[in-house]
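The values are calculated or read from the model by the stated rules, or taken from the named source; none is laboratory data. Keep in mind that this is a model prediction, so the values were computed, not measured. Cβ coordinates were reconstructed from backbone atoms using ideal geometry, including for glycine residues, and neighbour counts include every protein chain displayed.
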Amino acid sequence: MPKPPARSVPAPHTVEFIGSFPGRPPEATGPEVAFAGRSNVGKSSAINVVLGQKSAARVSKTPGRTQSINLFDVQHAKARFTLVDLPGYGFAKVPDEIQHRWKGAIERYLRDREALRLVIVLVDARHPPQQLDLDLIRGLQLAEIPCQVVATKVDKLPRSKAKGMLTKLARGLGMPAVLGLSSLDRTGVDALREVLLKAVRDRS
Ligand code: GDP
């Protein structure tokens, strides 16, 4: 039997930029979902495609530039939430001192953020598990903060091997599964929107 077409999940009605905060962002006004990942992993592109916006998040010409925490107010037919764009980490050309500052900003945000429902951890689908990603995932697990790993740039994987590579990546990261995403051909966009909506609608 032919597979039924996958259900498409619409983009939010409105997306409003709340602000860019080098330190701790203001108190939450509703449920939050944070996006984290190594610099250049495709985080800004992922945020833009999920929000259905051309340039809500700035796709970086120079990796490692975004140092602040950016907040977006997202109004969807079925939910309203805040999307939190955390600074990209692990950019080799940034001095240790600045790397440290970013790590501190991310950790301070993640600590005691009661409104935080989910952290999307973005990793490059082509690379084996990286220590900084493993550290973040482990930290989230210890703090009992739900996280979903999203493997970016899946359009760059050989089609016949993609599924196996994602399974292997999930195993290496100690996750039950990872979600494949391509901001170019839109693979996984609906699934990621579903994950976000489910997280912000679950009050448990
Ligand atoms: P960020 O630093 O994590 O915010 O990453 P960006 O979104 O700025 O993307 C970094 C680079 O990866 C840019 O050159 C993007 O065009 C590219 N990129 C991002 N997402 C994808 C994707 O899904 N597929 C491919 N092939 N390239 C991507």
Report summary line: The number of residues in the range 41-55 that are more than 6 Å from the ligand (Cβ to nearest atom), surrounded by 20 or more Cβ atoms within 10 Å (Cβ to Cβ) and either part of a loop (DSSP other than H, G, I, E, B) or in contact (Cβ under 8 Å) with a residue 40 or more places away in the chain (or both) is 4
Query - Filter result for the condition that a residue is modelled with pLDDT of 85 or more, more than 23 Å from THR187 (Cα to Cα), in a loop (DSSP other than H, G, I, E, B) and of a type outside the set (Val, Ile, Thr), over ARG113, ARG108 - result: ARG113
Requested in this report: Any residue in the range 17-33 that's modelled with pLDDT under 90 and in a loop (DSSP other than H, G, I, E, B): show its pairings with residues that are surrounded by 13 or more Cβ atoms within 10 Å (Cβ to Cβ) and polar (S, T, N, Q) at Cβ separation under 9 Å, as long as the two are six or more apart or on different chains.
Outcome: PRO22/GLN67; PRO22/SER68; GLY23/SER68
Report task. Check ALA125 against each of (1) surrounded by fewer than 20 Cβ atoms within 10 Å (Cβ to Cβ); (2) more than 22 Å from SER55 (Cβ to Cβ) and name the one condition it does not meet. Result -> (1)
Report task. Identify, from the list LEU136, LEU110, the residue that is in contact (Cβ under 8 Å) with a residue 60 or more places away in the chain and surrounded by fewer than 20 Cβ atoms within 10 Å (Cβ to Cβ). Result -> LEU110
Requested in this report: Considering (1) assigned to a helix (DSSP H, G or I); (2) over 16 Å from the mean Cα position of the chain (by Cα); (3) in contact (Cβ under 8 Å) with a residue 40 or more places away in the chain, say which one PRO128 fails and leave the rest.
Outcome: (1)
Requested in this report: Could you identify the single residue in PHE35, PHE21, PHE91 that is near the ligand (Cβ under 10 Å from one of its atoms) and either farther than 25 Å from ASP190 by Cβ or loosely packed, with under 14 Cβ neighbours inside 10 Å (or both)?
Outcome: PHE91
Report task. Kindly provide the set of residues from the range 171-198 that are aliphatic (A, V, I, L, M), part of a helix (DSSP H, G or I) and either modelled with pLDDT under 95 or out of contact with any Pro (no Cβ under 7 Å at 6 or more places or on another chain) (or both), ordered by number. Result -> VAL189, ALA191, LEU192, VAL195, LEU196, LEU197
**Report entry** LEU140, sole failed condition from (1) more than 16 Å from the ligand (Cβ to nearest atom); (2) in a helix (DSSP H, G or I); (3) farther than 19 Å from LEU196 by Cα
**Finding:** (3)
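Yes or no: SER60 modelled with pLDDT of 90 or more and either within 16 Å of the chain's Cα centre (by Cα) or not small (Gly, Ala, Ser) (or both)?
Values: modelled with pLDDT of 90 or more: no; either within 16 Å of the chain's Cα centre (by Cα) or not small (Gly, Ala, Ser) (or both): yes.
Criteria not met by SER60.
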Query raised in the report: If we scan the range 174-192, do we find a residue that is among the charged types (D, E, K, R), touching a residue at least 40 places away in the same chain (Cβ under 8 Å) and surrounded by fewer than 19 Cβ atoms within 10 Å (Cβ to Cβ)?
Result: yes
Query raised in the report: Regarding ILE98, is this residue at pLDDT below 90, within 16 Å of the ligand (Cβ to nearest atom), surrounded by fewer than 18 Cβ atoms within 10 Å (Cβ to Cβ) and among the hydrophobic types (A, V, I, L, M, F, W, C)?
Result: yes
